[in-house]
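Trainee: Just passing along the structure, written as structure tokens.
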Amino acid sequence: MPDGSSYPIVRAENLAKQVNSPEGELVLLHDIDLTIVAGEAVAIIGASGSGKSTLLGLLAGLDTPSRGQVWIDGADLFALDEDGRARLRGAMIGFVFQSFQLLPNLTALENVMLPLELAGRGDAREVAQAVLARVGLDARRNHYPKQLSGGEQQRVAIARAFAPQPKLLFADEPTGNLDRATGKRVADLLFEINQELATTLVLVTHDETLAQRCNRRLELETGRLKGEA
């Protein structure tokens, strides 16, 4: 839980997204205003099609809004060009996705090393090995994703996300492709490391049990933020 010295690490104002469809303009998000304080764990919940993943993509700068602004650690995200947003993500944001998003031609160790190498870290191998050991996969570090179970792949993805020690971690349905028991183990690990590093966690999930572990739950309904659930 954040303390009194925490500050807004994510802030959105009037954030909206529309796309064109054969039926006309489709509104995905309606003028979202939100603030996330450094150190919080915040769940974004709602039914399928409510705009959860769209909102996460905009907050991370992976997509651009139709209107509105997002500030990440005080930086005006959409005042930056695409390269600038990529640099900001590389410097302070980690990601965990439902589909793991591991590179199939890289070993577990190489997947975890990748963001460290892109950041120019000379200790990429040592750090990656330590984080893989932390998630219980030291013995599997030279295996490729296809040689790992779904739960093991997601643990590699968590190790990759946390290896650069980001200030902010976005997780989109991180247990969605896992059975209940494996999902619980992965969620336990996600929250344990998150608390160890005091990372701000923004989590999209359908899983009410997972959402309840967060400090706050923000509910979306048909693209509108209903408030805290």
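Trainee: Just Gly151, Gly90, Gly122 to compare: in a GNM of the chain, with alpha carbon springs under 10 Å, which one fluctuates most?
Mentor: Evaluated over the chain, the most mobile residue of the options is Gly122.
Trainee: Taking every DSSP beta bridge that has both residues in the stretch 86-229, what percent is antiparallel when rounded to the nearest 5?
Mentor: Values: 4 of 14 bridges.
Among the beta bridges of the stretch 86-229, antiparallel pairing accounts for roughly 30 percent.
Trainee: Within a Cβ distance under 12 Å of Val127, other residues only, what is the Lys/Arg minus Asp/Glu net charge?
Mentor: Working: positive: Arg121, Arg125, Arg134, Arg160; negative: Glu117, Asp123, Glu126.
Summing Lys/Arg as +1 and Asp/Glu as -1 gives +1.
Trainee: When volume of the Cα convex hull per residue in Å³ is calculated directly from the model, which label among (i) 134; (ii) 126; (iii) 110 fits?
Mentor: Step by step, volume of the Cα convex hull per residue in Å³ for this structure corresponds to label (i).
Trainee: Taking the simple approach of a point 7 Å from Cα along Cα-to-Cβ for both Asn177 and Gln195, what is their distance in nm?
Mentor: About 2.8 nm separates the two model spin labels.
Trainee: When all protein chains stay in place, what accessible area (Å², nearest 10, 1.4 Å probe) is found for Asp31?
Mentor: Spelled out: Asp31, probe radius 1.4 Å, area about 70 Å².
Trainee: So, with +1 on the Cβ of K and R and -1 on the Cβ of D and E, and no other charges, what is the size of the charge dipole of the chain about its Cα centre, to the nearest 20 debye?
Mentor: Numbers: 24 positive and 30 negative charges, 110 e Å.
The calculation lands at about 540 debye.
Trainee: Just to verify a number: what accessible area does Leu106 come out at with the full protein assembly present, 1.4 Å probe, Å² rounded to tens?
Mentor: 50 Å²
Trainee: Then there's this: Can you tell me the length gained on complete extension of the stretch Arg185 to Asn14, counting 0.36 nm per residue apart and subtracting the Cα distance?
Mentor: Details: separation 171, 0.36 × 171 = 61.56 nm, distance 3.69 nm.
Extending this stretch completely gives an extra 57.9 nm.
Trainee: Using only helices, what value at 222 nm comes out for the chain when you add -39,500 (n - 2.57) per DSSP H run of length 4 or more and divide by the total residues, to the nearest 500 deg cm²/dmol? Present the calculation step by step, with values, prior to reporting the outcome.
Mentor: Working: 7 runs with 77 residues, N = 229.
Result for the chain, helices only: -10000 deg cm²/dmol.
Trainee: Please compute the net charge surrounding Leu220, taking Lys and Arg as +1 and Asp and Glu as -1 over other residues with Cβ under 9 Å from its Cβ. Could you put the intermediate results ahead of the total?
Mentor: Values: positive: Lys52, Arg224, Lys226; negative: Glu219, Glu221.
Around Leu220, the charge tally is +1.
Trainee: With each pseudo-label sitting 7 Å past Cα toward Cβ, what's the Glu208-Glu117 distance in nm, one decimal?
Mentor: Once both label points are built, they end up 4.5 nm from each other.
Trainee: Probe radius 1.4 Å, ligands and nucleic acids ignored: give me the carbon and sulfur share of the accessible area of the stretch 1-84 as a rounded percent. The partial results should precede the final answer.
Mentor: Values: 1860 of 3990 Å².
Carbon and sulfur atoms account for 47 percent of the accessible area of the stretch 1-84.
Trainee: Okay, next question. Give me the 1.4 Å probe accessible area per residue for the stretch 1-128, excluding ligands and nucleic acids, in Å².
Mentor: Working: 6280 Å² over 128 residues.
Averaged over the residues of the stretch 1-128, the accessible area is 49 Å².
Trainee: Here's something else I'd like to know. For the chain, with the dipole built from +1 on Lys and Arg beta-carbon atoms and -1 on Asp and Glu ones, taken about the Cα centre, which of Asn111, His30, Thr199 lies farthest toward the positive end?
Mentor: Asn111
Trainee: Still on this structure, I have one more. Kindly identify the stretch 123-169 as rounded, prolate or oblate by the Cα gyration tensor criterion: order the square roots of the eigenvalues as a ≥ b ≥ c, call it rounded if a/c is under 1.5, otherwise compare a/b with b/c, prolate if a/b is larger, else oblate. Walk me through the numbers before you get to the answer.
Mentor: Values: a/c = 2.25, a/b = 1.39, b/c = 1.62.
Cα axes put the stretch 123-169 in the oblate bin.
Trainee: Another question about this same structure. Towards the positive end of the charge dipole of the stretch 1-98, with charges on Cβ (+1 Lys, Arg; -1 Asp, Glu), say which of Gly51, Gly94, Pro65 has the farthest Cα.
Mentor: Gly94
Trainee: With a ≥ b ≥ c taken as the square roots of the eigenvalues of the C-alpha gyration tensor of the stretch 22-108, please select rounded if a/c is under 1.5 and otherwise prolate if a/b is larger than b/c or oblate if it is not? All intermediate terms of the calculation are to be shown ahead of the outcome.
Mentor: Values: a/c = 1.44, a/b = 1.19, b/c = 1.22.
Since a/c stays below 1.5, the shape of the stretch 22-108 is classed as rounded.
Trainee: So which residue, out of Leu88, Leu178, Leu103, gets the largest mean-square fluctuation from a GNM of the chain using Cα contacts under 10 Å as springs?
Mentor: In the Gaussian network model the winner is Leu103.
Trainee: Then there's this: Quick check: net charge around Ala91, other residues with Cβ under 14 Å of its Cβ, Lys/Arg +1 and Asp/Glu -1?
Mentor: Working: positive: Arg85, Arg87, Arg89, Arg121, Lys167; negative: Asp73, Asp83.
Around Ala91, the surrounding residues sum to +3.
Trainee: What does the extension gain come out to for Glu25 and Asp76, with contour length at 0.36 nm per residue minus their alpha carbon separation? Intermediate values should be presented prior to the final figure.
Mentor: On the way: separation 51, 0.36 × 51 = 18.36 nm, distance 2.70 nm.
Value of the extension gain: 15.7 nm.
Trainee: Which one of Val202, Val127, Val112 has the biggest mean-square fluctuation once the chain is modelled by GNM with Cα springs under 10 Å?
Mentor: Result: Val127 has the largest fluctuation of those listed.
The values are calculated or read from the model by the stated rules, or taken from the named source; none is laboratory data. Note that the structure is predicted; figures quoted are calculated from it, not measured. Note: ideal-geometry Cβ built from the backbone for every residue, glycine included; neighbour counts use all protein chains shown. Quick note on the areas: whole protein, heavy atoms, side chains included, nothing else; ligands and nucleic acids left out. Shrake-Rupley method; radii C 1.70, N 1.55, O 1.52, S 1.80 Å.
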